[in-house]
1. Could you say which residue among L423, L373 is open to solvent by less than 60 Å² (accessible area, probe 1.4 Å) and modelled with pLDDT under 85?
2. If you take the residues of region 343-367 that are out of contact with any strand residue (DSSP E or B) (no Cβ under 7 Å at 6 or more places or on another chain) and open to solvent by less than 50 Å² (accessible area, probe 1.4 Å), which of them is modelled with the lowest pLDDT?
3. Of all residues in region 196-243 being of a type in the set (V, I, T) and touching a Leu at 6+ places or on another chain (Cβ under 8 Å), which is surrounded by the fewest Cβ atoms within 10 Å (Cβ to Cβ)?
4. Taking T108 as the residue in question, decide whether it is within 23 Å of N240 (Cα to Cα), among the polar types (S, T, N, Q) and in contact with a Lys or Arg (Cβ under 8 Å, 6 or more places away or on another chain).
5. Does L26 satisfy being touching a residue at least 12 places away in the same chain (Cβ under 8 Å) and either within 29 Å of K295 (Cβ to Cβ) or open to solvent by 50 Å² or more (accessible area, probe 1.4 Å) (or both)?
6. For region 136-173, how many residues are more than 17 Å from P205 (Cβ to Cβ), in contact with a strand residue (DSSP E or B) (Cβ under 9 Å, 6 or more places away or on another chain) and not in a helix (DSSP H, G or I)?
7. What pairs come out if I take residues in region 44-63 that are among the small types (G, A, S) and pair them with residues that are open to solvent by 30 Å² or more (accessible area, probe 1.4 Å) and part of a strand (DSSP E or B) whose C-beta lies under 6 Å away, six or more apart or interchain?
8. Residues to consider are I479, I450, I445; find the one that is at pLDDT 75 or above and not charged (D, E, K, R).
Amino acid sequence: MILKSSIDKVIEIARIDEVVADYVSLKKRGSNLMGLCPFHNEKSPSFTVSPAKGFYKCFGCGKAGDSIRFVMDYEHVSYPDAIRQLAKKYQIELEETTVTDTEKLAETARENMFTVTAFAQKFYHQYLLDSEAGKAVAQTYFAERGFTDATIKKFQLGFAPEGWQQFTQEALQQQYSLPYLISTGLTIEKEGKHYDRFRDRVIFPIHNVTGRTIGFGARYLKPQTNAPKYLNSPESDIYNKSKVLYGIHHAKKSIIQNDNCYLCEGYTDVISLSQAGIENVVASSGTSLTVDQIKLISRFTKNITVLYDGDAAGIKASMRGIDLILQEGLNVRVVLFPDGDDPDSFAKRVTTETLQTYLNAEAKDFMLFKTSLLLAENNNDPIGKAKLIRNIVETIAIIPDAIIRSTYTKQCATLMDMAEAILIQEVNSIRRKTVTSQPAVELEIPIEEIIKPETTIQRNRYFEEEEAIRLLLNYAYHILQIATETETVSITVKDFMIAELEQDGIKFENEIFAQIFANLYIEE
């Protein structure tokens, strides 16, 4: 834990105008500084920095705070990490409480692994730029892909030598430790000998959200039957492929500004789109989308647009991943590229303006896209249509937000020419099974220990909560018809009450009622 005296020193020395100026172009306005807010899109500056008060404030989105809060909000890091980042900037030595020898060794090992991967990134990049093989093979390949020198530098692309030990020998000569070369997967140990993992391949460094190199993806360019076309770093203490997204370090600022993240499949998709001006893009790098990757995106936006290349089999295979996105409460849209195109090729074929227009115009709500896709395949087959209805209902049922569930149910019922009440019944049935399949949670407070209401306000609140629980227990799955300005929405009593309570920020004060409510009906 960082000592308070060190935190106070960072707060004292880290000038708000200097910290913000690393991220935002500021102009003098009286005693303050003004600029465009980095946390939301705006054309007229409403972001104010007060050096005298050590404070920033955006009058557009409401973000405000000191130097530490700014780093936390912008970099999406924890309070201690923001302190450490500022301490490094101002060369402040932090004092921390004593850690165990085991903790020290673990942290030292991780830092040594980061040091080794940083060296490897520079080695491969320099080999691409300076070696004859790099110029003849890798630079030619990247040129054919349309990557500019600026793009190659931005993404730190590289090339691995053809020899079996060239990288390992250079690393050892530079005094890098063999155990860390092995633990990061850069060097392979076999029968007492050591070999380079990546040989004669173009290299795509993989970075974590703060920009540190944690692993590598590599592509073999020559046709060879016994060598895999793609090769990645093995998992290690600093690299877990299920928790990282390619391009997230470069994309995070644009994701925040656009409040949307484009999700594609491969390294070159990300690089080509970024070069074309679409910077809020990341890739799952060929792996199935995971909950950890979705949560990483959700730190920056609640909106994901998945980019498809038109391959029907690939679209169906990715449906489960999109269901995970919906289950995490994010909004999903889909863009389908023309036949024969993927994000990489399409970005090269059209202008930036055309690309942006296409992405905006072709983005479709995923649920309606999925329904239309499956319906087109099974509309004339009663058995197939029944299966697709079950498929759609299962997807709707995992969505946490009750209002969104109801809206999708209504729209899908129209598309499938089904009675909305039947779909609602099926959705509720699936959600009930989900709850009943979970282990029961015992009440922690005996019923006889309920605190009796004493004042009139307490009694009124008690009876209101009691009535709410009574309604839920007796009428949870009865259907309500809620009239809005544009339509009438069908929703269960349970979903309506949960939505209203969440919207108003109301929680049960009585512990017994709160536990009944959570145990029986909060299925998310």
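The values are calculated or read from the model by the stated rules, or taken from the named source; none is laboratory data. Everything numeric here is computed off the predicted structure, so don't read it as measured data. Don't worry about glycine lacking a Cβ; one is built from the backbone with ideal geometry, like all the others, and counts go over all protein chains shown. For accessibility, only protein heavy atoms count, side chains too; no ligands or nucleic acids. Shrake-Rupley method; radii C 1.70, N 1.55, O 1.52, S 1.80 Å.
1. On the way: L423 fails: modelled with pLDDT under 85.
One residue alone meets the criteria, L373.
2. Taking region 343-367 and keeping what is out of contact with any strand residue (DSSP E or B) (no Cβ under 7 Å at 6 or more places or on another chain), we get 344-358, 360-361, 367.
Among the residues that remain, those that are also open to solvent by less than 50 Å² (accessible area, probe 1.4 Å) are: 344-347, 350, 355, 358, 367.
Numbers: D344: 93, S345: 93, F346: 94, A347: 94, V350: 93, L355: 95, Y358: 95, M367: 86.
Residue satisfying both the conditions and the ranking: M367.
3. First pass over region 196-243, keeping only residues of a type in the set (V, I, T): 202-203, 206, 209-210, 213-214, 225, 238.
Next cut, touching a Leu at 6+ places or on another chain (Cβ under 8 Å) only: 202-203, 209.
Working: V202: 24, I203: 24, V209: 18.
The selected residue is V209.
4. Working: within 23 Å of N240 (Cα to Cα): yes; among the polar types (S, T, N, Q): yes; in contact with a Lys or Arg (Cβ under 8 Å, 6 or more places away or on another chain): no.
Criteria not met by T108.
5. On the way: touching a residue at least 12 places away in the same chain (Cβ under 8 Å): yes; either within 29 Å of K295 (Cβ to Cβ) or open to solvent by 50 Å² or more (accessible area, probe 1.4 Å) (or both): no.
It is false that L26 is touching a residue at least 12 places away in the same chain (Cβ under 8 Å) and either within 29 Å of K295 (Cβ to Cβ) or open to solvent by 50 Å² or more (accessible area, probe 1.4 Å) (or both).
6. Of the residues in that region, 3 qualify.
7. Between residues of region 44-63 that are among the small types (G, A, S) and residues that are open to solvent by 30 Å² or more (accessible area, probe 1.4 Å) and part of a strand (DSSP E or B), the close pairs are S50/N32.
8. Details: I450 fails: at pLDDT 75 or above; I445 fails: at pLDDT 75 or above.
Just a single option satisfies the conditions, and that option is I479.
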